[in-house]
Amino acid sequence: MKDSSQNLRTFFAIPLPDGIRGWLNGEVILPLSKLPVKVKWVEPQNIHLTMRFLGEISFDMLSSIIAGTSRALHGISSAKLHITELGTFGGKSPRVIWIGAGGEIEKLMRIHDAIEKVCIGAGLPPDDKRFSPHITIGRVKSPAHTAQLISTIKKIEIKQLDFAANELILFKSTLTPQGAIYEVVERFPL
């Protein structure tokens, strides 16, 4: 039996196919990782499209969110997506390196809006960030040499690789000194 006083760090995400994760690792992360910039790169197996970060939640709230999400996603079909451009958040001092997602974004927005309503109904505060479909591939740890990083990012060509958002996953995230460990809590087919 689980201790109901213990909280879980959780988030919703759309998984990416192995081929896309491998391509991103080999064609984007590997070349960028050779630059003299301090970046914590996302491990290939952890690359995903985040739909909603929930933060620390109780087991009781988790049960409510799982039940509510199953109901909220009923009738929402999968979305045909593709990766788009490579970019950064943070302007001249980038903090996050990301890959954009394009395609049937309106379907992705329906999925996001459905889980947002479930999260608010379960007692979480509304997400304070506007949903912008992207795949985080790295977090910049120091501003040194970021001009070189930005310059190199502009030169990398991103292939339009297609994938289907046919599953939403609720992940548990455990932070360790070696990086985050993600475990599947629940799968929701779309």
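Bear in mind that the values in this text are calculations on the coordinates, not laboratory data. Here the structure is a predicted model, which means the values were calculated and not measured. Because the Cβ atoms are built from the backbone with ideal geometry, glycine has one as well, and the counts that use them run over all protein chains shown.
Could you tell me which residue of the stretch 136-190 is surrounded by the most Cβ atoms within 10 Å (Cβ to Cβ), considering only residues that are in a strand (DSSP E or B) and in contact with a Gly (Cβ under 8 Å, 6 or more places away or on another chain)?
Ranking the qualifying residues of the stretch 136-190, first place goes to VAL140.
What residue, among those in the stretch 33-56 that are surrounded by 19 or more Cβ atoms within 10 Å (Cβ to Cβ) and among the aliphatic types (A, V, I, L, M), is farthest from the chain's Cα centre (by Cα)?
The extreme case among them is VAL37.
Restricting to the stretch 42-85, what's the tally of residues that are within 21 Å of PRO189 (Cβ to Cβ), part of a loop (DSSP other than H, G, I, E, B), in contact (Cβ under 8 Å) with a residue 12 or more places away in the chain and not small (Gly, Ala, Ser)?
3
Identify the residue in the stretch 16-32 that is touching a Phe, Trp or Tyr at 6+ places or on another chain (Cβ under 9 Å) and touching a residue at least 24 places away in the same chain (Cβ under 8 Å) and, among all such residues, is surrounded by the fewest Cβ atoms within 10 Å (Cβ to Cβ).
Here the answer is GLY19.
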